Amino acid sequence: MKKLSFYIIISLIFILSLFLIMRSTYVTNPQPSESPLISAAHSLLQTMQLTPQYDRQMLLKALSLETFQAPQANAQGFLEMMHVPSQIPMILLPGHGNIQPFFLAKYELTQAQWTRMTGRNPSGYAKSETHPVERISWYELQEFCQQTGLRIPTVKEWEYAYFGPKHQTQRFYWGDDPGDHVIETYAWIGTNSQQSTQPVGQKKPNGFGFYDLSGNVYEWCSDVGQLPQNRIFKGGAYNHPPAYSQGSSQYECAAEIRIIYLGARLACSVEHIQPKLQAMHLHESKPPSQAASPSQAASPSQAASPSQAASPSQAGLFIHTPNWNFGKVPEKQVVQHEFMLQNQSTQPIQILEVKAGCGCVVPEWPKQAILPGQTGILKASFNTQGRKGQQLQQIRVQTNQTSQPWILLSLEGTVLQSGLLSEDNIIMDNIPRGVNFTRKISLAMGTYPQAKITDLRCTSEFFAIGYTETIVENFYPGRQRGYEISIGPKPNIPFGRHQGFLEIETTIPGHEKIQVPWFAYIAGPIVVSKTYLNFGLLEPKQTKQIKIQVQHQEKKELELYEAKSSIIFVMPQITRLNPYAYEITLTIMPNPTLPLGEFRGQLYIQTRDLIQPALEIPIQGFVQKR
């Protein structure tokens, strides 16, 4: 009879698995139910190559972990959970093809979430806590991820979240929308945003339950662009036409650039909570005689956690201080700590592998087994160069113990600015003319509290500047006297690219004259899909093309009558797409007489528009010998 029951249970699990596979298909309006909770845990266990021997109680316990809590089915029928360290609600995607299950943030990263972890708000449109954060570089986003245990999604993951399994069968996640008639119901774009970011989650979601995948702000992806220093971003923005919000469209820029329309949406791998689930699975799958009764089962907060050392009676490897706080340190300082690992079991414990979450942390650990009663030392060095704000650097330790296979250690603290300036350069990209926009940076007086600014100049007459004495934050060793310096375009500024320097004169010894480079691009009613044309590396016998779109963002009729390159071997060709948009294809044909080395120039675009009759776009590339 017991054997028959066993086969019946196995059959039911098989049928349930088939149902869950069909259920994971991306749908437009599924009905909420309890099945996503089971489906999610099944996907997690399956990913970890564990046998799905579980019951409802184990699933709910496995999903209520220290990192993720409050599981519930969202309105679209998919599992939604709160990522506790960052307070970001996330949705578990079941995966498709070679895309493994992963968590993705329900909303774009907000100014409140960014400020809570970093202590500052870099946004150009700092209107409220619910607006998306922007003006964050890819590298700054990586630092944020290290603090929270999250990561930047890949392009494939982002597009899967956007389209579902039926990848790129339509322009948008709500359909093709040929005349762009429906887009304003789903996205904040140039025609309905008042040229500003808007609070997240105000438009309609897609079939998984994600908001603002099109519009509001572009979102960084982890993939490298055509040049090694570039990273991809996707999704469109509040100040761009509908075509830029298509799910398959993607753009790129240097990873250190901060742009006023570029933000983020973060992901988390299933493997991030694998050790907890694996330990829980092994515990729950013991024979009934060994498993704890329901009344004795640990609550989610009591469940085994790699970040907590078990009690001496149960533990194998006891960590005296698994979470070490290094306090406040200046940027570029190397933080070092020794973790004491005490073997409180009766068997030797071997450390099999140690992994740091970032290359900035270098661990050293004992290669010999730690004998019963003895203590080993794990050394960790954290290089803080290029990292600012609150830090949480994690180290995963794998041992040969089945009861405690993983241990999580952490270094946390605050890295403060070590120089005088909060930023080395100022980026003001794609600012609509006429919008009241100001960028601010901080200047600290450091060890000279009586020093002051004596003069401030800008090398361009089209920018307004100013400064105010204040108390500045985030400089080492703490709050101190300084200045807030502001710069912004004047209403009469010409369209196009501008660059120059802020020249600051002070009485700080050794810093009497300070230059801060700045860059700005002023956008008009006619917008281009790329404000910089980089051909990258090419050979004399190689054909290379770059395509850009030129469009009137108010959908007014546009006449573009000339596109001319200042570089003789770069040939532009104009194609009309519709009454308000054109495509320009720039081609470099094979030519053995091409001059070797770098080339720079301009693409000149002439229109019949009275407000914006001309546009200029820089061209760059490098011809190398084969």
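With no solvent and one point on each alpha carbon, what is the Debye value of log10 I(q)/I(0) for the stretch 125-208 at q = 0.12, 0.13, 0.18 Å⁻¹?
For the stretch 125-208, the Cα-only Debye profile gives -0.50, -0.59, -1.06.
Extension gain Glu583-Arg120, at 0.36 nm per residue separation less the Cα-Cα distance, in nm?
Working: separation 463, 0.36 × 463 = 166.68 nm, distance 4.00 nm.
My answer for the length gained is 162.7 nm.
Provide the solvent-accessible area of Tyr580, counting protein heavy atoms only and rolling a 1.4 Å probe, rounded to the nearest 10 Å².
Ignoring ligands and nucleic acids, Tyr580 comes out at about 40 Å².
Among the listed pairs Lys440/Lys555; Lys452/Lys530; Lys388/Lys452; Lys388/Lys544; Lys440/Lys564, give every one whose C-alpha distance is greater than 30 Å. Working shown, then result.
Numbers: Lys440/Lys555 34 Å; Lys452/Lys530 41 Å; Lys388/Lys452 25 Å; Lys388/Lys544 40 Å; Lys440/Lys564 37 Å.
Result: Lys440/Lys555; Lys452/Lys530; Lys388/Lys544; Lys440/Lys564 exceed 30 Å.
Which FRET efficiency, nearest 0.05, do Met340 and Gln480 yield, Cβ-Cβ r, R0 30 Å? Working shown, then result.
Details: r = 37 Å, r/R0 = 1.22.
Using R0 = 30 Å, I get an efficiency of 0.25.
Can you give me the Rg/Rh ratio for the stretch 212-258, using Cα atoms for both radii and the Kirkwood formula for Rh? Please list the in-between numbers first.
Working: Rg = 10.5 Å, Rh = 10.7 Å.
Computed over Cα atoms, the ratio is 0.98.
With the cut-off at 16 Å, report for the stretch 421-476 the share of all Cα pairs above it, as a whole percent. Could you put the intermediate results ahead of the total?
On the way: 866 of 1540 pairs.
Tail fraction, whole percent: 56.
How far apart, in nm, are two points set 7 Å out from the Cα along the Cα-to-Cβ line at Gln499 and at Gln195?
Placing both labels 7 Å along Cα→Cβ, they lie 2.4 nm apart.
For the modelled label position 7 Å from the Cα of Glu559 along Cα-to-Cβ, which residues of the stretch 590-618 have backbone nitrogen atoms closer than 15 Å?
In the stretch 590-618, the label zone of Glu559 (backbone N under 15 Å from the point 7 Å along Cα→Cβ) covers 606-614.
Could you tell me how far the Cα centroid of the stretch 433-459 sits from the Cα centroid of the stretch 553-602, in Å?
Using only Cα atoms, the two centres lie 39 Å from each other.
Calculate, for the stretch 128-258, the solvent-accessible area per residue in square angstrom, rolling a 1.4 angstrom probe over the heavy atoms of the protein chains.
Numbers: 4200 Å² over 131 residues.
Per-residue value: 32 Å².
Over the stretch 341-448, what percent of the accessible surface lies on carbon and sulfur atoms, probe 1.4 Å? Please list the in-between numbers first.
Values: 2170 of 4770 Å².
So the carbon and sulfur contribution to the accessible surface is 46 percent.
Contour minus end-to-end for Lys355 and Arg457, with contour as 0.36 nm per residue of separation and end-to-end as the Cα-Cα distance? Before the final figure, lay out the partial values.
Working: separation 102, 0.36 × 102 = 36.72 nm, distance 4.90 nm.
Between Lys355 and Arg457, full extension yields 31.8 nm more.
Suppose the Debye formula is applied to equal point scatterers at every Cα of the stretch 426-531; what is log10 I(q)/I(0) at q = 0.25 Å⁻¹?
-1.33
Give the Rg/Rh ratio for the stretch 501-589, taking Rg as the radius of gyration of the Cα atoms and Rh as the Kirkwood radius, to two decimals.
Over the Cα atoms of the stretch 501-589, Rg/Rh equals 1.21.
How big is the Rg/Rh ratio for the stretch 550-594, C-alpha atoms only, Rh by Kirkwood, two decimals?
Numbers: Rg = 13.5 Å, Rh = 12.0 Å.
Ratio of gyration radius to Kirkwood radius for the stretch 550-594: 1.12.
For the stretch 89-244, just the Cα set please: Rg and Dmax, both in angstrom.
Answer for the stretch 89-244, Rg first and Dmax second: 15.2, 44 Å.
What percentages, rounded to whole numbers, describe P(r) for the stretch 72-177 computed over all alpha carbon pairs with 10 Å bin width beginning at zero?
The distribution over the stretch 72-177 is 13, 39, 35, 13, 0, given as percents.
Roughly how many percent of the accessible protein surface of the stretch 464-541 is carbon and sulfur, given a 1.4 Å probe and a whole-percent answer?
Details: 1830 of 3600 Å².
The value for the stretch 464-541 is 51 percent carbon and sulfur by accessible area.
Roughly what would the spin-label model give for Gln100 and Ala254, points 7 Å off Cα along C-beta, in nm?
Here the answer is 3.4 nm between the modelled labels.
Be a star and scan the stretch 197-230 for residues whose amide nitrogen sits under 17 Å from the point 7 Å along the Cα-to-Cβ vector of Gln624.
Once the point is set 7 Å along Cα→Cβ of Gln624, 225-230 turn out to lie under 17 Å by backbone N, inside the stretch 197-230.
The values are calculated or read from the model by the stated rules, or taken from the named source; none is laboratory data. Not measured: the values here are computed from a predicted model. Heads up, the Cβs are rebuilt from the backbone with ideal geometry, glycines too, and the neighbour counts pull from every protein chain shown. These accessible areas exclude ligands, DNA and RNA; they are computed on the full protein's heavy atoms, side chains included. Shrake-Rupley method; radii C 1.70, N 1.55, O 1.52, S 1.80 Å.
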